[in-house]
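Have a look at the structure below, then the notes.
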Amino acid sequence: HAIEAFVSQANSTFSDLYALEAIRIISSNIEKAVKNPLDLDLCANSMLGSLYAGIAFSNASLGAVHAMAHSLGGLLDTPHGECNAILLEHVIEYNFEEAVNRYRLIGEAMGLTFENKTDKLIKSMLIQEIRDLKNKVGIHKTLSGIGLDRKMIPLLAEYSLRDICMATNPRFLTQENVEVIFENAY
């Protein structure tokens, strides 16, 4: 939620403040909270990050990750968070060129250092950090792993393009673009 709110075309100073702080809090606490679910401080920090992300996206909307996850989760009755996690890196790959500076700030909020790095390397480092975080919290599946029949991708893409979240994605997507993203996540 926080990442998409921060790169949303409807972002603002207000939503940016909450989105970046949510990214900082969640990226530094979620792994420890998953491994220590009885640690109330870690859980409280994760919930605070979730609250901040909610404030951010309630004011800035979301993007293609959620537009695609809504259709995917509805079709397969798969948890919303898992759908988003599977799609996130692939949508960033597509969107990156349209919001380079914003993705740089996201990576820095996650603790990455980009001094003297090319945009291509920044994108690679950010995507790898997201993959690493997903793996650390136990999200390892792909779309094929959650049971998606590849033949459903064109219909999912069509429904995704109709989702209101697509309106604030930083980069325009066509039916073919969305199908390619789903294929990359397969």
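The values are calculated or read from the model by the stated rules, or taken from the named source; none is laboratory data. Everything quoted here is computed from the prediction, not taken from an experiment. Note that we place each Cβ from the backbone using ideal geometry, even for glycine, and neighbour counts take in every protein chain shown. Ligands, DNA and RNA are stripped out before the accessible areas are found, and what is left, the full protein with its side chains, is counted by its heavy atoms. Shrake-Rupley method; radii C 1.70, N 1.55, O 1.52, S 1.80 Å.
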(request) Tally the residues that are within 17 Å of the chain's Cα centre (by Cα) and assigned to a helix (DSSP H, G or I), restricting the search to the stretch 162-176. (result) 5
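Regarding LEU105, is this residue among the aliphatic types (A, V, I, L, M) and not in a helix (DSSP H, G or I)?
Working: among the aliphatic types (A, V, I, L, M): yes; not in a helix (DSSP H, G or I): no.
Judged against the criteria, LEU105 is not a match.
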(message) If a residue must be without any contact (Cβ under 8 Å) to a residue 24 or more places away in the chain and either assigned to a loop (DSSP other than H, G, I, E, B) or not charged (D, E, K, R) (or both), how many such residues does the stretch 128-153 contain?
(response) 5
(message) Quick check on this structure: which one of LEU38, LEU42 is surrounded by 14 or more Cβ atoms within 10 Å (Cβ to Cβ) and over 16 Å from the mean Cα position of the chain (by Cα)?
(response) LEU42
(message) Looking at the stretch 79-90, can you tell me whether even one residue there is over 13 Å from the mean Cα position of the chain (by Cα), open to solvent by 20 Å² or more (accessible area, probe 1.4 Å) and under 26 Å from LEU148 (Cα atoms)?
(response) yes
(request) Identify the single condition in (1) in contact with a His (Cβ under 8 Å, 6 or more places away or on another chain); (2) in contact (Cβ under 8 Å) with a residue 40 or more places away in the chain; (3) surrounded by fewer than 21 Cβ atoms within 10 Å (Cβ to Cβ) that ALA53 does not satisfy, given that it satisfies every other one. (result) (3)
(request) Just one of (1) open to solvent by 60 Å² or more (accessible area, probe 1.4 Å); (2) polar (S, T, N, Q); (3) closer than 16 Å to GLU129 by Cα trips up SER27, so point out which. (result) (1)
(request) Quickly run through the stretch 16-45 and pick out the residues that are closer than 22 Å to ALA69 by Cα and of a type in the set (Gly, Ala, Ser). (result) ALA19, ALA22, SER27
(message) Suppose we keep only residues that are basic (Lys, Arg) and within 30 Å of SER71 (Cβ to Cβ) within the stretch 105-134. Which one would you say is surrounded by the fewest Cβ atoms within 10 Å (Cβ to Cβ)?
(response) ARG131
(request) Please work out if THR142 is exposed (fewer than 15 other Cβ atoms within 10 Å of the Cβ), out of contact with any Asp or Glu (no Cβ under 8 Å at 6 or more places or on another chain) and either more than 17 Å from ARG24 (Cβ to Cβ) or among the β-branched types (Val, Ile, Thr) (or both). (result) yes
(request) Considering every residue within the stretch 26-41, establish whether at least one is at pLDDT 95 or above and either in contact with a Phe, Trp or Tyr (Cβ under 7 Å, 6 or more places away or on another chain) or under 30 Å from GLU176 (Cβ atoms) (or both). (result) no
(request) Could you tell me which residue of the stretch 56-72 is nearest to CYS165 (Cα to Cα), considering only residues that are surrounded by fewer than 23 Cβ atoms within 10 Å (Cβ to Cβ) and within 15 Å of the chain's Cα centre (by Cα)? (result) SER61
(request) Considering (1) out of contact with any Ser or Thr (no Cβ under 8 Å at 6 or more places or on another chain); (2) at pLDDT 95 or above, say which one ILE55 fails and leave the rest. (result) (1)
